[in-house]
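Here the structure comes first, spelled out in structure tokens, and everything after it is commentary.
Quick note: the coordinates plus some simple rules give every number you see, no bench work behind them. Only a predicted model underlies this, so the values are computations on that prediction, with no experimental measurement involved.
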């Protein structure tokens, strides 16, 4: 069970992530307002938004692959350490 200090740290981290996510959404909206004001509605804006969407898709795929490559080995390593500790303690 987590102690009060650990729970407080987790709550602070969750609040930070929530706040930064909200800030990102607001800044993204402001970016879209500025882009629409500069370019107006038209083919140029559509082309820009498609290019931006493709870039975001590629970056998300790369980030997902990196996260998967990092988290899985660490999880396996932790499982192996836990098994070793369990065997040691049970013998």
One checks the Cα atoms of the chain and finds Rg and Dmax, in Å, of 22.3, 73
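As a test of the definition: which semi-axes, in Å, follow for segment 41-91 when you take the square root of five times each eigenvalue of its alpha carbon gyration tensor? Largest first, please. Don't skip to the answer; put the middle values down first.
Details: eigenvalues 474, 8, 3 Å².
Over the Cα atoms of segment 41-91, the semi-axes work out to 49, 6, 4 Å.
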What helix-only [θ] at 222 nm does the chain give? Using -39500 (n - 2.57) per DSSP H run of at least 4, over all residues, to the nearest 500, the answer is -34000 deg cm²/dmol
Semi-axes in Å, largest first, for segment 1-40 (Cα gyration tensor, √(5λ)) are 38, 5, 4
Relative to the chain, whose Cα atoms define the longest principal axis, helix 4-39 and its Cα axis are tilted in degrees, nearest 10, by 20
